[in-house]
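Data first, discussion second: the structure below is written as structure tokens.
The values are calculated or read from the model by the stated rules, or taken from the named source; none is laboratory data. All values reported here derive from a predicted model rather than from experimental measurement. Ideal geometry is used to build each Cβ from the backbone, glycine not excepted, and the neighbour counts take in all protein chains shown. Accessible surface areas use protein heavy atoms only, side chains included; no ligands, DNA or RNA. Shrake-Rupley method; radii C 1.70, N 1.55, O 1.52, S 1.80 Å.
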Amino acid sequence: MTALLGAAALSALLAQTPTSPPPPAPVVAPTVANPFTNLLPNLGEDVRAMPTLENAGILAVGGVLSLVFKNNHDERLHTWVLEQTSDSSVASVGNVLGDGITQGAAAVAVWAIGRGTGSVRAESTGATLIRAQILNGLFTQGLKLAVDRTRPDGGSHSFPSGHTSAAFATAAVLHHEFGLRSEEH
């Protein structure tokens, strides 16, 4: 009987003792889809997301401004460009850094560094930069073929600027990913 009372007391004591919490679930790092294996579905999603009223407004304003600028200032700008020296070191740096191949290689490098270091943010940013550069290249080259504007030096396909569009594609992604930080007081 004493043993039965002791077992009951021990059971009651154990029932009141808080149990230790279950071990935490293992933390699984988020993964970023490989931008190369998912390239076509991602590009398809990007293209479907492009037709918006905001984008149509931007295209309309840009189109009107380019027509106004072309009609009023094109010859003067053409003459000015021809008068400039082509040995500018600033232009050389811009030619290299703004090139779509340089921008694309930088995008792949950001993705690879993120992948190699386990930085999901860098990997995701790199994947987005890759998609942006591919879409930019497709649209810019398509416009160049459609517009077929002569370069000041007589070459073909001067508009739109591939260097400018590649740089702006990168800038748009970086702004989206990191934005402008304002200090709150």
With all protein chains present, how much of the accessible area of the range 95-185 (probe radius 1.4 Å) comes from carbon and sulfur, to the nearest whole percent?
-> 63 percent
Gain on full stretching of the segment that runs from Ile113 to Leu67 - 0.36 nm per residue minus C-alpha separation | 12.3 nm
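Among residues other than Val108 whose Cβ falls under 15 Å from its Cβ, what is the net charge (Lys/Arg +1, Asp/Glu -1)? If you can, show how the numbers build up before the last one.
On the way: positive: Arg115, Arg131; negative: Asp99, Glu123.
It works out to a net charge of 0.
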Residue-count net charge about Leu129 - beta-carbon cut-off 12 Å; Lys, Arg +1, Asp, Glu -1 = -1
How much area per residue is accessible in the range 91-185 when the probe is 1.4 Å and only protein heavy atoms are counted (Å²)?
-> 62 Å²
By accessible area with a 1.4 Å probe, ligands and nucleic acids excluded, highest first: order of Trp80, Trp111 = Trp80, Trp111
